[in-house]
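**Q** The structure that follows is given in the form of structure tokens.
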Amino acid sequence: MQNTTASTADELPTNVAERERPDIAERFNTGAWSFTPEVADVFPEHVRASVPFYDAIQDLVAEAADWLLPDGGLVVDLGAATGITVHRIATRHPERTLRAVLYDNEPSMLDRASKALADVSNMAVEYVTANIETTAFTHTNADLTLSLFTLQFLPLPDRVTALRSARLAASTAGALLVAEKVRAPDSRWAEIGNDASHDWKATHGITDAAIRAKSRALRGVLMPYPESTLVQAVIAAGWCCPEVLFRWHSWLVLGAFATRTGL
């Protein structure tokens, strides 16, 4: 499990105007959060300020690809958004010729991803607009399957469906990395984690009003389950050997493999 430290001062907003800028979440009513084209326009900045240690998680995934994504390998991102993760992997491994398939149900997200990856010369990328819980995946034999902060927006049965489809489209030596917000079973830890997350957002320039607005907008949209439920879903979908690789309060990264032996 990776330990984390507080962010450095140069990562924080540098002036009052930047700290007090309106946040995209304030445009949504209660329970109405959606990954609209307007969200896609500001997604990289918004997610970095909203998800604690977001860049550290991206670095963890890219580093894991050292072992999990060989030369010529295929990485699949379920809910790829603007392609941040795949871009991080490609630029970390410039000596490898890689392939990627990016799935997202919002075309504007994939448009942004296509622009962000346009300068990447070592990776052939396919973009697929689809709902991951209902689509028939177009890829086969994925070496590394990613789902970062995506499954948490799906009902539990749909998460298992998406993960099972991903398992069937993985190579026998394939790996899975899932990042999620989870619910602490003990209310005391849940309270601490919730307030710590709000402190993180405030430190990174999101106003109290925007934090409250995002919380209201996510009601019934983001559905965190306990860590144990996520593990059960991964196993039920046919993956094995789940392991928590990172955790900070309610935020975690879980790794798993397609088979125990890779055969």
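The values are calculated or read from the model by the stated rules, or taken from the named source; none is laboratory data. From a predicted model like this one, the values you see are computed outputs, not experimental measurements. We place every Cβ from the backbone using ideal geometry, glycine too, and count neighbours over all the protein chains shown. Quick note on the areas: whole protein, heavy atoms, side chains included, nothing else; ligands and nucleic acids left out. Shrake-Rupley method; radii C 1.70, N 1.55, O 1.52, S 1.80 Å.
**Q** Compute the relative contact order of segment 183-261 as a whole-number percentage, counting only Cα pairs closer than 8 Å that sit 6 or more residues apart in sequence.
**A** Reported relative contact order: 28 percent.
**Q** Out of all DSSP beta bridges in the chain, what portion is antiparallel? Express it as a percent rounded to 5.
**A** Antiparallel bridges: around 35 percent, rounded to the nearest 5.
**Q** Might you report the magnitude of the Cβ-based charge dipole of segment 122-263 about its Cα centre, with Lys and Arg at +1 and Asp and Glu at -1, to the nearest 20 debye? Please report the intermediate quantities before stating the final value.
**A** On the way: 13 positive and 12 negative charges, 45 e Å.
It comes to approximately 220 debye.
**Q** While we're on this one: Roughly speaking, what is the stretch gain from Arg188 to Thr172, that is 0.36 nm per residue apart minus the C-alpha to C-alpha distance, in nm to one decimal? Show your work: numbers first, answer last.
**A** Details: separation 16, 0.36 × 16 = 5.76 nm, distance 4.08 nm.
My answer for the length gained is 1.7 nm.
**Q** Here is a further query. I want to check the label-to-label distance for Arg216 and Arg260. Put each point 7 Å from Cα in the C-beta direction and report it in nm to one decimal.
**A** With each label point 7 Å from Cα toward Cβ, the separation is 5.2 nm.
**Q** If you don't mind, there's one more thing I want to ask. How would Arg247, Arg260 line up by accessible area, probe 1.4 Å, largest first? Display every interim value, and only then the final one.
**A** On the way: Arg247 65, Arg260 190 Å².
Heavy-atom accessible area, descending, gives Arg260, Arg247.
**Q** What is the sum of charges, Lys and Arg at +1 and Asp and Glu at -1, for the other residues whose Cβ falls under 15 Å from the Cβ of Pro37? Walk me through the numbers on the way to the answer.
**A** Working: positive: Arg27, Arg112, Lys115; negative: Glu38, Asp41, Asp104, Glu106, Asp111.
The answer is -2.
**Q** Thinking of the chain as a set of Cα atoms, what percent of all their pairs are more than 36 Å apart? Could the numbers behind the result be given before it?
**A** Working: 3440 of 34453 pairs.
Value for the chain: 10 percent of Cα pairs lie more than 36 Å apart.
**Q** Within straight cross-link reach of Lys201, meaning Cα distance under 16 Å, which lysines are found once same-chain residues fewer than 8 apart are removed?
**A** The reachable lysines, counting only those whose Cα sits under 16 Å from Lys201, are Lys181, Lys214.
**Q** Rounded to the nearest 500, what is the 222 nm mean residue ellipticity of the chain from helices alone, with -39500 (n - 2.57) per DSSP H run of 4+ residues and division by all residues?
**A** Numbers: 9 runs with 102 residues, N = 263.
So the calculated ellipticity at 222 nm is -12000 deg cm²/dmol.
**Q** If you don't mind, there's one more thing I want to ask. Relative contact order for segment 13-116: what percent, with Cα pairs under 8 Å and sequence separation of 6 or more? Let's see the in-between values first.
**A** Working: 105 pairs, mean separation 28.7, N = 104.
Across segment 13-116, relative contact order equals 28 percent.
**Q** Where does the charge balance sit around Pro107 when Lys and Arg score +1, Asp and Glu -1, over other residues with C-beta under 15 Å from its C-beta? Numbers along the way, then the final one.
**A** Details: positive: Arg112, Lys115; negative: Glu38, Asp41, Asp104, Glu106, Asp111, Glu126.
Once positives and negatives cancel, what remains is -4.
**Q** Determine the relative contact order of the chain: mean sequence separation of Cα pairs under 8 Å and six or more apart, normalised by residue count, in whole percent.
**A** Numbers: 471 pairs, mean separation 64.9, N = 263.
Relative contact order here is 25 percent.
**Q** At a probe radius of 1.4 Å, what is the per-residue accessible area of Val61, in Å² to the nearest 10?
**A** 0 Å²
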